[in-house]
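Here is the structure we will look at.
We did not get these values from a lab; they are worked out from the coordinates using the rules stated. Quantities reported herein were computed from a predicted structural model and do not represent experimental measurements. Cβ sites come from the backbone with ideal geometry, for glycine too, and all protein chains shown count toward neighbours.
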Amino acid sequence: MTDQHQAGATVPAIDLDAHDLDDPVVDAHDHDDELAPAHSPYDYDLGDRNPTEDIFVAERPWGHFQQFVSNEQVTVKIITVQAGHRLSLQKHDHRGEMWQVLDVPIQVTVDDRSWLAQPGETVWVPRGATHRMGNPGEQPGRLLEVAFGLFDESDIERLQDDYVR
């Protein structure tokens with residue numbers, strides 16, 4: 001990916017059930033024959049490296065999996081945005097964020113670009129980029145967020161906030 005503000009590769013959302021979690025095929029050694037990410041953990045320290053370039057999908061007889069990071073120090077959250085709500089327009093000095101839309105389309109803004117990101121779409125928010133997510137739909141929507149760099153909730157500079165925080 002050449003433009004860090006573009007959405008990453010869109011891949012199908014993965015629907016796991018409890019049986020999949022017990023599958024002995026799912027383990028760290030199950031993909032030794034595949035390419036490891038081409039970057040070291042140090043490339044991510046400042047939240048500058050775009051990790052969407054290292055996502056890969058591995059096919060298995062039972063389906064597939066996506067690997068977002070491997071042996072990296074990251075902070076992982078699942079964010080739920082209620083229907084008709086949005087987070088503050090914000091930026092971070094010490095971390096970049098990778099988002100994967102899980103359920104319903106989510107309105108995404110990264111710097112000057114806004115679009116309706118679809119379930120399964122991966123978005124990179126570089127460190128220092130102005131960003132926001134919102135849910136224009138009628139159902140709650142979830143995103144997986146993986147933060148790279150120094151994570152601290154006080155590293156939020158709110159530029160606009162519907163909740164006046």
Rg [Å, one decimal], Dmax [Å, integer] - region 62-165, C-alpha atoms: 13.6, 47
Just need log10 I(q)/I(0) for region 56-106 at q = 0.19, 0.31, 0.32 Å⁻¹, Debye formula, equal scatterers on the alpha-carbon atoms, no solvent, rounded to two decimals. -0.95, -1.34, -1.35
Let me test this: with uniform point scatterers at the alpha carbons of region 109-160, what is the Debye-based log₁₀ I(q)/I(0) at q = 0.20 1/Å? -0.90
Test of understanding: ordering TRP99, TRP62, TRP115, TRP124 by Cβ neighbours within 10 Å, fewest first, what list do you get? TRP62, TRP115, TRP124, TRP99
Order of VAL125, VAL81 from fewest to most other C-beta atoms within 10 Å? VAL81, VAL125
